[in-house]
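See structure below.
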Amino acid sequence: MKQKIIEAYESLAERYNALIDHKPHNAYYDRPNTLSLIPEMKGQHILDAACGPGKYAEIFLENGAFVTGFDISPRMVELAIERNKGNGTFFVHDLSTPLPQLKDASFDLIVCALALHYLEDWTPTLKEFYRVLKPGGHLVISIEHPFFEFTYFQSTRYFETEPVMCTWKGFGKPVDIHSFRRPLEACIMPLLVNGFQLDALLEPKPVEKFKELDPKHYRELNEFPAFMCLRAKKPIFTL
């Protein structure tokens, strides 16, 4: 599955990058809600995990942050470097594997937007996030909403984490996207058992600009969420 995910993102990277600034689900649904959970950017050391073509990184850099980003897709990393004109540090890396190149307690904030659903097991990744995050630092993630996914994929096994596939048609030629659907418990408990304190949960609504570009999905997303945003904190003191 991992190779299929890489191939999918390599094939849509150019189009994804071209549309990312204004594609409704990204620009007017995911980003404004995820960014609303970030307490501070200026002067912060931010890790953009699964950075894609570097749009989040661009926002962080514009707001005075120091940014390190990585993605499993080599072309996405190239596009992130191009978009940010040499600012920030970007490298190719698999979200599911350790980050030995990053020091303990070196980041104030980690952002991982719409990427954790590509992992069957979150624990190794969350352990690394916890390690490289400073005490008192935050992890902000956005994921596909577990209730939306259960319905969308017509699952009959809610309590399981199971592989699923959908076909994206909004980036030119259709691309099959493989991921993992999981229950709500499997979205929350891995954070808690790996030391994080959950301090915000947001079931987002689209901003008004979305309505101009896609009124159908604007109406639907105001009736039921497709994504979920979470913020968790690494405690300053541990027992």
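The values are calculated or read from the model by the stated rules, or taken from the named source; none is laboratory data. Just so it is clear, the structure is predicted and the values come from calculations on it, not from any experiment. Cβ: placed from backbone, ideal geometry, glycine included. Neighbour counts: every protein chain shown. SASA here: full protein model, heavy atoms, side chains in, ligands and nucleic acids out. Shrake-Rupley method; radii C 1.70, N 1.55, O 1.52, S 1.80 Å.
At 1.4 Å probe size, with every protein chain present, just tell me what the per residue accessible area of segment 95-239 comes to in Å².
Numbers: 7470 Å² over 145 residues.
With the other protein chains kept in place, segment 95-239 gives 52 Å² per residue.
Please compute the contact order of segment 114-239 in relative form: average sequence separation of alpha-carbon pairs under 8 Å and at least six residues apart, divided by the residue count, as a percent.
Answer for segment 114-239 is 36 percent.
DSSP loop GluC sites (Glu not before Pro) in segment 3-97 with at most 15 other Cβ atoms within 10 Å of their Cβ, which ones?
For GluC sites (Glu not before Pro) across segment 3-97 that sit outside H, G, I, E and B with at most 15 neighbouring Cβ atoms in 10 Å, the list reads 40.
Using only the alpha-carbon atoms, what does segment 166-205 span along each of its principal axes? Please give whole angstrom values in decreasing order.
Extents along the principal axes: 42, 23, 15 Å.
From the P(r) of segment 172-229, could you give the percentage of C-alpha pairs in the tail past 17 Å?
Values: 988 of 1653 pairs.
Result: 60 percent of Cα pairs exceed 17 Å.
Taking chymotrypsin sites (Phe, Trp or Tyr not before Pro) as candidate sites, keep only those in a DSSP loop with at most 12 other Cβ atoms within 10 Å, then name the longest stretch of the chain containing none of them. List each step's numbers first, then the result.
Details: sites that count: 159, 237.
The longest uninterrupted stretch comes out as 1-158.
Given segment 107-223, report the % of alpha carbon pairs whose separation exceeds 20 Å.
I get 53 percent for the Cα pairs in segment 107-223 exceeding 20 Å.
Is the C-alpha gyration tensor of segment 1-107 telling us rounded, prolate or oblate? Criteria: a/c under 1.5 is rounded; beyond that, a/b larger than b/c is prolate, otherwise oblate. Before the final figure, lay out the partial values.
Details: a/c = 1.62, a/b = 1.11, b/c = 1.45.
It is oblate, given that a/c is not under 1.5 and a/b is not larger than b/c.
Looking only at the chain, where both bridge partners belong to it, what percent of the DSSP beta bridges are antiparallel (to the nearest 5)?
The answer is about 50 percent antiparallel.
So which of 134/233; 55/209; 103/127; 103/233; 85/209; 2/205 end up more than 20 Å apart, counting from Cα to Cα?
Those over the limit are 85/209; 2/205.
Can you give me the solvent accessible area of residue 121 with a 1.4 Å probe, rounded to the nearest 10 Å²?
90
Considering the options 22, 53, 76, tell which one lies farthest towards the positive end of the dipole of segment 17-130, charges being +1 on Lys and Arg and -1 on Asp and Glu at the Cβ, about the Cα centre.
22
Given a 1.4 angstrom probe, what's the average accessible area per residue across segment 1-40, in square angstrom?
Working: 1890 Å² over 40 residues.
With the other protein chains kept in place, segment 1-40 gives 47 Å² per residue.
Just report the Cα centroid separation between segment 18-57 and segment 125-189, whole Å.
Comparing the Cα centres of segment 18-57 and segment 125-189, I get a distance of 17 Å.
How large is the Kirkwood hydrodynamic radius of segment 71-122, in angstrom, based on all distinct alpha carbon pairs?
Kirkwood hydrodynamic radius for segment 71-122: 12.7 Å.
Please report, in cubic angstrom per residue, the volume enclosed by the convex hull of the alpha-carbon atoms of the chain.
121
Of the heavy-atom accessible surface of segment 198-239 (probe 1.4 angstrom), what whole percent is carbon and sulfur?
Numbers: 1540 of 2750 Å².
On segment 198-239, the fraction of accessible area on carbon and sulfur atoms equals 56 percent.
Relative contact order for the chain using alpha-carbon pairs under 8 Å, separation at least 6, rounded to a whole percent?
Working: 450 pairs, mean separation 50.6, N = 239.
Reported relative contact order: 21 percent.
For segment 11-81, what's the relative contact order in percent, using C-alpha pairs closer than 8 Å and at least 6 residues apart?
Reported relative contact order: 31 percent.
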